[in-house]
1. State which residue is modelled with the lowest pLDDT when the search covers only segment A:296-314 and only residues that are over 30 Å from A:L66 (Cα atoms) and facing chain B (nearest Cβ under 7 Å).
2. Filtering segment A:252-263 down to residues that are surrounded by 24 or more Cβ atoms within 10 Å (Cβ to Cβ) and of a type in the set (G, A, S), which residue is nearest to the chain's Cα centre (by Cα)?
3. Taking the residues in segment B:13-41 that are in contact (Cβ under 8 Å) with a residue 12 or more places away in the chain and of a type in the set (V, I, T) as candidates, determine which candidate is farthest from A:L188 (Cα to Cα).
4. Quick check, is B:L232 more than 7 Å from chain A (Cβ to nearest Cβ), within 27 Å of A:F196 (Cβ to Cβ), buried (at least 22 other Cβ atoms within 10 Å of the Cβ) and at pLDDT 80 or above?
5. So, of the residues in segment B:1-22 that are more than 12 Å from every other protein chain (Cβ to nearest Cβ) and polar (S, T, N, Q), which turns out to be surrounded by the most Cβ atoms within 10 Å (Cβ to Cβ)?
6. For segment B:28-43, give me each residue that is within 30 Å of the chain's Cα centre (by Cα) and either crowded, with 17+ Cβ neighbours inside 10 Å or outside any helix (DSSP H, G or I) (or both).
7. Pairs, please: C-beta under 8 Å, at least 6 apart or cross-chain, first residue free of Cβ contacts under 8 Å to residues at least 24 places away in the same chain and in segment A:147-159, second of a type in the set (D, E, K, R)?
8. Please find, within segment B:188-219, the residue that is farthest from the chain's Cα centre (by Cα) out of those that are of a type in the set (K, R) and farther than 28 Å from A:P132 by Cβ.
Amino acid sequence: MQSSVEVKGPLQLAPQKARRFKLTHARKRAALGYLFLSPFLILFIVFTVIPVVQSVYLSFTYYNMLQPARWVGLSNYSVLFLEDDIFLTSLKNTFIFAVIAGPLSYCLSFLLAWVINTLKAKMIFSLAFYVPSITSGIALSIVWLYIFSGDRYGLLNNALLNWGMISEPILWNTDPNTIMPVIIIVSLWMSMGTGFLVFLAGLQNVSPELYEAGAIDGISSRFQELWFITLPLMKPQLLFGAVNAIVGAFGVFDIAVAISGMPSPNYAGHTIIAHLFDYAFIRFELGYASAIAVFLFVVTFGLGRIVMRLLSSKDQ
Amino acid sequence: MSFTKFITRFNRGLLYAFMIALVGFTSLPIVYMISTAFKPLDELFLYPPRFFVQKPTLRSFFDLLTATDSSVVPFSRYIFNSLFVSVAVVLSSLVVCCLGAYVLSKFKPPGAGFIFSVILSALMFSPQVTQIPTYMIVSSLGLVNTYWALILPKIAVAFNIFLMKQFFDQIPDALIEAAHIDGASDWKIFWRVIMAVSKPAWATLIIFSFIGNWNDFFSALVFTTSESMKTLPLAIQTLAGGPGVVARTGALAAGTFLMTLPPILIFLLFQKLIMNTMVHSGIKS
């Protein structure tokens, strides 16, 4: 909008004045808007935006928190991919975890929400499936550690021994072969909640009239209903759940540590975040840890963009 | 006709049976946790372990209080830390994120679109990724080992402002216009109109924020080193001493039980509102 005043006749003066008034009014509103937004913006910039920028910078340096950061170029990244075998192990573990647990928890949480939506006593069922994720991973891993305990007292070992399926207890959380499956099972059970609740709510949003209209248009089975009516209407929730699932799957850390310890036997439960944590807060090599962080961000961001493109509505 | 009806009935019955069995499995650890918290000592070390408690006792809870007596800090300190930090974060995040979302949704000042897209990409950040530089900022501000370190970084959360913005988008502009005509200031409109209309939304925010902060042990682990600043999840992990430790099983079970109680209570109080609000939380609704 131009603010230059070019008066041609007295008749135009009134609208001009009105526009100017509107402009200052808009400015006032914008200023008030920034004022209201400023607490969020300040905290967001200080504790989210600056850390991200700094992290990217540090990933090109050697920094141990005692001496000032020294620029080393890309060497952190080259060490990360070419020399750090443990990182590659953690990469492998995290990808195995993400590929299995991510989609599985995503689909299961949708399926559960879809089924529960058709049942009576929705509230009781939703509570039962949401409770595992509101209770803390740490707190419940203690319960799970009892189930998968390596001695004869462990619930699973005990049952298997009683049924005569095994002759001696299996060391579930110290045997490198069983660590990952145990982590995946526990995480699946623990991490469905948010997605599940979002999907359940999304399903409440689909009005029953649409199903009636669909029935007239020749949709006959529940699965056709799901595919042609429910899923397209739930794209926002599906996208939200997918972003959530990606971030959660690649961020797996506390459950893995609670189950297998740190470092885990033979690094079988070592994840990317566990590796980052090791370098950042145990070895204090923050430059190297930042390189890990930046790599992880690139992966989650890239996958997030792909998912957004796949699931975004047309108006984007 | 009656045969097909019988088939559908039968299928539904099967579905219910399956779902109930699944619920039975998912609630198994919680039931076990509750039952273990009330077990007397002899039942805790019983072989084979019994799932349900036979002679319930509060002994474990006293054990918890006395066992932690020997440590520098009493257990109640951890409970206080967790409660104080969670409540402070939830309340300040509520006000800050709702105000921000109100602006992004209704004021739309220049740059609002850009700010919102930055927030959306921040949503894709694993929270741990920013912990290192956040630690540096917190330490350069001299906040390490203070409550500020546990509270300030978690107020402006992308998830929260996103949720609230989606919800505020649903409020018709006419409602705000009407309030303007009645002579209400924007500040008043925010509290009296926006917040009043979106009760379910901020109830959801309270639940998510409370549960997330209550269960978070990463911040306390990273931003604090002193024993007296530890929060409950971290203290319980210390009590456990890693996998496979059997000592202090009773105290541990009681601690775990106490730990999971507040989130369950919060969810029970607000679950109906969650069901109504999560609808609008999808990206680009």
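1. Among residues in segment A:296-314 that are over 30 Å from A:L66 (Cα atoms) and facing chain B (nearest Cβ under 7 Å), the one modelled with the lowest pLDDT is A:S313.
2. The qualifying residue nearest to the chain's Cα centre (by Cα) is A:A256.
3. So, considering only residues that are in contact (Cβ under 8 Å) with a residue 12 or more places away in the chain and of a type in the set (V, I, T), the one farthest from A:L188 (Cα to Cα) is B:T36.
4. For B:L232, the condition - more than 7 Å from chain A (Cβ to nearest Cβ), within 27 Å of A:F196 (Cβ to Cβ), buried (at least 22 other Cβ atoms within 10 Å of the Cβ) and at pLDDT 80 or above - is met.
5. Filtering segment B:1-22 for residues that are more than 12 Å from every other protein chain (Cβ to nearest Cβ) and polar (S, T, N, Q), the one surrounded by the most Cβ atoms within 10 Å (Cβ to Cβ) comes out as B:T4.
6. B:P29, B:I30, B:Y32, B:M33, B:I34, B:S35, B:T36, B:A37, B:F38, B:K39
7. A:N157/A:D151; A:N158/A:R152
8. By that ranking, first place goes to B:K188.
The values are calculated or read from the model by the stated rules, or taken from the named source; none is laboratory data. Bear in mind the structure is a predicted one, so any value in this text is a computation, not a measurement. Ideal geometry is used to build each Cβ from the backbone, glycine not excepted, and the neighbour counts take in all protein chains shown.
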